[in-house]
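Structure incoming, see below.
The values are calculated or read from the model by the stated rules, or taken from the named source; none is laboratory data. All of these numbers come straight from a predicted model, not from anything done at the bench. Cβ atoms come from the backbone with ideal geometry, glycine included; neighbour counts cover every protein chain shown. In case anyone asks, the SASA skips ligands and DNA or RNA and just uses the protein heavy atoms, side chains included. Shrake-Rupley method; radii C 1.70, N 1.55, O 1.52, S 1.80 Å.
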Amino acid sequence: MSKTFLVVAETRGGSLRQVSFETISAARSAGGADTTVAAVLLGAATDAFVNELTQYGADRVYTVAHADLEHYNPQAYFAALQTVVQTVQPDAIFFGHTAIGKDLAPQFSAELGAGQISDITAIEVDDSGQALFTRPIYAGKVLEKKAFTALPWIVTVRPNNIAPLAIDATRTAAAEAIAYPEPSLQTIIRDVVRNTSGKIDLSEAKVIISGGRGVRSADGFKPLEELAAVLGGAVGASRGACDAGYCDYALQIGQTGKVVTPELYIACGISGAIQHVAGMSSSRVIIAINKDPEAPIFKIADYGIVGDLFEVVPLLTEQFKLA
Ligand code: FAD
């Protein structure tokens with residue numbers, strides 16, 4: 001029987017987030033060829049994104065545009081998405097495993113009485129057509145595979161794990177605007193001020209240079225910032241560095257910080273505590289720089305450099321400048 005999967009797309013800074021394309025790809029893999037993958041976009045102005053969502057694989061795009069949806073407001077977003085869900089009656093809803101997805105997904109799981117599989121990093125479909133979702137558990141030490149036993153499904157997709165579909169510029173948009181239900185809101189978001197403005201968002205960064213207590217001071221982050229600038233990457237940190245006051249908690253990576261999955265993660269002066277590893281172990285290539293050859297970070301690193309970060313990092317920066 002044909003199914004409809006609904007993907008909740010997100011924008012940031014005037015562009016669609018990469019995770020939206022990855023989530024369309026995930027929905028496409030999990031459904032069979034007879035599954036319609038629809039995307040929904042909520043925002044103040046949504047029309048400009050319809051073509052791109054279509055070209056990345058959405059068969060249909062639903063939009064809800066209203067000033068209340070300019071910034072993420074849980075009540076407004078829930079009401080708008082509820083209207084879309086009532087219209088579309090999807091067999092599954094896919095969210096990015098982002099702050100917004102993590103907030104909305106369980107609400108729809110409760111609303112629809114649906115099972116939820118969160119933070120998936122891979123999908124396999126067996127011979128019977130059953131989709132198996134892989135997700136890391138126990139701070140990334142174990143990968144479990146789960147399947148749903150009944151529709152509807154709620155799924156959240158970890159960013160940077162599932163490749164988006166190849167862009168197809170010949171696909172044409174089938175868009176439908178759905179009216180905003182205008183709920184009476186208990187809070188209104190007037191403005192969002194980001195303290196990372198102008199810098200690359202850690203959760204989307206392809207390269208992260210991360211510093212731990214080994215950087216010894218706020219100034220100790222400077223060589224890391226220089227390397228990040230040369231590689232077009234972002235700077236992250238361990239909680240050890242944040243707790244010591246060397247950097248803002250917005251940079252913290254780990255179990256109680258951000259979960260990141262860049263192509264390249266360079267850990268500088270980070271011991272590799274399990275709570276830190278939980279946030280970065282899915283990085284494609286991990287390089288550890290630590291002066292202690294017994295540091296646990298070397299167990300999960302693809303490449304290890306035993307040495308003083310204040311000598312090694314500037315050398316790397318010089319070499320990458322030449323490359
Ligand atoms: P340390 O463990 O002190 O390691 C510093 C490292 O720097 C050492 O290995 C040392 O050899 C090396 N070093 C020192 N000087 C140099 C130098 N000049 N050159 C090269 N290497 C050098 N931690 C997180 O990171 N993220 C989390 O989200 C997180 N959540 C937590 C949640 C809970 C409930 C708990 C209990 C802990 C959590 N932690 C988290 C803390 C975690 O357990 C560690 O304490 C923390 O990750 C240690 O940070 P660190 O590696 O920077 O510091």
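Which residue pairs have Cβ atoms closer than 7 Å, lie 6 or more positions apart in sequence or on different chains, and pair a first residue in region 305-323 that is closer than 18 Å to I286 by Cα and in contact (Cβ under 8 Å) with a residue 24 or more places away in the chain with a second residue that is surrounded by 13 or more Cβ atoms within 10 Å (Cβ to Cβ) and of a type in the set (D, E, K, R)?
What qualifies is T317/E226.
Then there is this: Out of the residues in region 186-223 that are within 20 Å of S281 (Cβ to Cβ) and hydrophobic (A, V, I, L, M, F, W, C), state the one that is surrounded by the most Cβ atoms within 10 Å (Cβ to Cβ).
The qualifying residue surrounded by the most Cβ atoms within 10 Å (Cβ to Cβ) is I209.
Given the options G232, G214, name the one that is among the small types (G, A, S) and within 14 Å of the ligand (Cβ to nearest atom). Before you say what the answer is, go through the steps one by one.
Numbers: G232 fails: within 14 Å of the ligand (Cβ to nearest atom).
Unique residue meeting the criteria: G214.
In region 99-113, which residues are in contact with a helix residue (DSSP H, G or I) (Cβ under 9 Å, 6 or more places away or on another chain) and open to solvent by less than 10 Å² (accessible area, probe 1.4 Å)?
Scanning region 99-113 gives G101, L104, F108.
Next question, about the same structure. Only one of V285, V306 is near the ligand (Cβ under 9 Å from one of its atoms) and not acidic (D, E). Can you tell me which?
V306
When you go through (1) open to solvent by less than 60 Å² (accessible area, probe 1.4 Å); (2) in a helix (DSSP H, G or I); (3) out of contact with any Pro (no Cβ under 7 Å at 6 or more places or on another chain) one by one for S25, which number turns out not to apply?
Evaluating S25 over (1) open to solvent by less than 60 Å² (accessible area, probe 1.4 Å); (2) in a helix (DSSP H, G or I); (3) out of contact with any Pro (no Cβ under 7 Å at 6 or more places or on another chain) leaves (3) as the failure.
I want to confirm something. Restricting to region 32-41 and keeping residues that are in contact (Cβ under 8 Å) with a residue 24 or more places away in the chain and open to solvent by 10 Å² or more (accessible area, probe 1.4 Å), which single residue is farthest from the chain's Cα centre (by Cα)? Reasoning before the result, please.
Filtering region 32-41 down to residues in contact (Cβ under 8 Å) with a residue 24 or more places away in the chain leaves 32, 34-41.
Still in the list and also open to solvent by 10 Å² or more (accessible area, probe 1.4 Å): 32, 34, 36.
Details: G32: 24, D34: 27, T36: 23 Å.
Among them, the one singled out is D34.
Any residue in region 140-157 that's at pLDDT 95 or above: show its pairings with residues that are part of a loop (DSSP other than H, G, I, E, B) and of a type in the set (A, V, I, L, M, F, W, C) at Cβ separation under 6 Å, as long as the two are six or more apart or on different chains.
P152/A114; I154/A114
Looking at region 44-60, which of its residues are open to solvent by less than 10 Å² (accessible area, probe 1.4 Å) and outside any helix (DSSP H, G or I)? Give the steps one after another, and end with the answer.
Residues of region 44-60 open to solvent by less than 10 Å² (accessible area, probe 1.4 Å): 46, 53-54, 57-58.
Result: T46, G57, A58.
OK, next. Is it the case, given these coordinates, that A288 is more than 28 Å from A99 (Cβ to Cβ) and part of a loop (DSSP other than H, G, I, E, B)?
Values: more than 28 Å from A99 (Cβ to Cβ): yes; part of a loop (DSSP other than H, G, I, E, B): no.
No.
Of the numbered conditions (1) more than 7 Å from the ligand (Cβ to nearest atom); (2) more than 19 Å from the chain's Cα centre (by Cα); (3) open to solvent by 10 Å² or more (accessible area, probe 1.4 Å), G240 fails exactly one; give the number of that condition.
Single failed check for G240: (1).
May I ask you to list the residues in region 254-273 that are closer than 21 Å to K141 by Cα, modelled with pLDDT of 95 or more and more than 6 Å from the ligand (Cβ to nearest atom)?
L264, Y265, I266, A267, G272 - these are the residues of region 254-273 that are closer than 21 Å to K141 by Cα, modelled with pLDDT of 95 or more and more than 6 Å from the ligand (Cβ to nearest atom).
Turning to a different aspect of this structure: Sort out which residues of region 260-285 are outside any strand (DSSP E or B), without any contact (Cβ under 8 Å) to a residue 40 or more places away in the chain and open to solvent by 20 Å² or more (accessible area, probe 1.4 Å), and write them in order of number.
A273, R284
While we're looking at this one, here's another question. List pairs: first residue in region 202-221 and closer than 17 Å to E263 by Cα, second residue of a type in the set (S, T, Y) anywhere in the structure, Cβ distance under 6 angstrom, at least six positions apart or on different chains.
The qualifying pairs are I208/Y265.
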